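Note sheet for the following structure.
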Amino acid sequence: MQYKVVFDITQTGFHQWSDLVTCFIFIPFAIGMFWFHQRGVKHVGWRPFVYLVFLALFLCVWSFFPLFMFVGTYRNYSNIKSAMQQSQCEIAEGIVTQFHHSAASKDVEAFFVNGIQFRYGGSSRQNGFHQIGIIHDGLQVRIYHYDKDDSIDKDIARLEVAQ
């Protein structure tokens with residue numbers, strides 16, 4: 001049977017740069033807030049110190065959280081790509097069954113291939129295949145998937161559809 005490659009993570013680049021961009025927006029903002037605060041506050045008593053501590057915690061969380069999200073997302077992308085390049089992905093081949101599209105929960109699609117469940121969302125932060133509208137019941141597919149630590153969602157490293 002002939003297959004057409006629909007998605008291959010080794011042929012796509014990392015596309016979730018928004019967390020890093022957010023980080024570079026918030027860090028200068030945080031530094032600016034501290035600078036303006038230090039220039040304008042009169043350090044009398046304990047209230048300015050408590051205010052400064054809470055401001056520091058708030059800005060650190062909002063500045064560095066996107067950075068940690070970026071690092072985690074990029075690590076996930078490189079793990080999937082590396083697994084595919086080193087032929088460490090498992091392969092599920094067969095007909096798509098029990099296909100379900102849920103528009104209520106952010107366009108989530110779920111289906112089975114040979115008893116293995118796959119699930120992803122169109123607006124997902126997953127790095128593997130997550131395009132809505134390609135998969136449907138009865139479609140013959142070959143899926144190379146990477147099983148990360150939590151086996152609930154399998155990352156699709158490569159999707160091939162029968163022609």
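Each reported figure results from applying straightforward, stated rules to the coordinates on display, with no laboratory input. Small disclaimer: the values here were computed from a predicted structure and weren't measured. Cβ atoms come from the backbone with ideal geometry, glycine included; neighbour counts cover every protein chain shown.
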Ranked packing of 127-139, 90-102, most packed first, by mean Cβ within 10 Å: 127-139, 90-102
Local net charge near Thr12, Cβ-Cβ under 11 Å (Lys/Arg +1, Asp/Glu -1): +1
Residue-span extension gain [Ile95 to Val71] - 0.36 nm each, minus C-alpha spacing: 5.1 nm
